[in-house]
Amino acid sequence: MKNIKIFKKGLANKSTTEGFTLIELLVVVAIIGILIAIVSVLLTDIRAKGDDAAVKTNLQTIKNQAELFYLDNGNSYLPAEASGEEFYGVCPVDDSSAGSMFSKDKVMFDAVAEATKRGNGSYCYASTNGWAVAVGLKTDAGASWCVDSEGASTQVDSVPSLAIDESTFACSQINSVPLPNPPNPLRPPAKPAKPAKPVEQ
């Protein structure tokens, strides 16, 4: 009987000393909430950077494919059935506008559609002897990535419709940040110049 009383007394003490207080639970919930907020901000930034990388990759595809289209199309960036001498406006993301190389060529059409989906608006221009495409970036709402037939691949600090210069129909050079030229894998890197020896008199 004495053992049973001791056992019951031990259980009674144990139940009052274990568990969490309401304040401890609130502190844990607050810490978890702060961690979730930090992670969600980081993930949003990572997604935006990923979208910008996808825009740049797809525009590079357009840049490469446009030159193939030009050669296959009798040295013209406009399809033979195009009405008019140029195409400009929001980039086509459906097959209905057959008046441009962007919708006529399947590879370019897919790249334009994906870049437009991942970016923040788009604008395309094509004529017989030139073209340009600009797509808005997610990390900077006021900037666009622009590529053109003159070889530009650059960030322009304006929305897509203003990123293409209206006088040249090429990427605007105002407030542009060019992509650094990648090293040529076929050519070894240049050696630094040796300092000149002093001339003795």
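The values are calculated or read from the model by the stated rules, or taken from the named source; none is laboratory data. It should be emphasised that the depicted structure is a prediction, and the values quoted were computed from it without experimental measurement. No Cβ is skipped: glycine too gets one built from the backbone with ideal geometry, and neighbour counts run over all protein chains shown.
Of note:
Here's the yes/no breakdown for (1) in contact with a Gly (Cβ under 8 Å, 6 or more places away or on another chain); (2) not aliphatic (A, V, I, L, M):
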| position | (1), (2) |
| --- | --- |
| 92 | no, yes |
| 108 | no, no |
| 116 | no, yes |
| 121 | yes, yes |
| 135 | yes, no |
| 144 | yes, yes |
| 149 | yes, yes |
| 157 | yes, yes |
| 165 | no, yes |
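- Per the listing 91, 124, the residue uniquely assigned to a loop (DSSP other than H, G, I, E, B), hydrophobic (A, V, I, L, M, F, W, C), touching a residue at least 24 places away in the same chain (Cβ under 8 Å) and touching a Cys at 6+ places or on another chain (Cβ under 7 Å) is 91.
- Sole residue being surrounded by 10 or more Cβ atoms within 10 Å (Cβ to Cβ) and over 25 Å from residue 157 (Cα atoms), chosen from 111, 30, 53, 48: 30
- The condition of being modelled with pLDDT of 85 or more and more than 30 Å from residue 80 (Cα to Cα) holds for only one of 157, 110, that being 157.
- Residue in segment 52-62 that is in contact with a helix residue (DSSP H, G or I) (Cβ under 9 Å, 6 or more places away or on another chain), within 17 Å of residue 163 (Cβ to Cβ), of a type in the set (Asp, Glu) and assigned to a helix (DSSP H, G or I) present: yes
- Whichever residue in segment 61-103 is modelled with pLDDT under 85 and in contact with a Leu (Cβ under 9 Å, 6 or more places away or on another chain) and, among such residues, is surrounded by the most Cβ atoms within 10 Å (Cβ to Cβ): 100
- Residue list for segment 147-171, filter: within 18 Å of the chain's Cα centre (by Cα), among the acidic types (Asp, Glu) and surrounded by fewer than 19 Cβ atoms within 10 Å (Cβ to Cβ): 157
- Here residue 18 meets each of (1) at pLDDT below 85; (2) under 33 Å from the mean Cα position of the chain (by Cα); (3) exposed (fewer than 10 other Cβ atoms within 10 Å of the Cβ) with one exception, condition (2).
- Flag if residue 133 is at pLDDT 85 or above, in contact with a strand residue (DSSP E or B) (Cβ under 7 Å, 6 or more places away or on another chain) and either buried (at least 18 other Cβ atoms within 10 Å of the Cβ) or not β-branched (Val, Ile, Thr) (or both): yes
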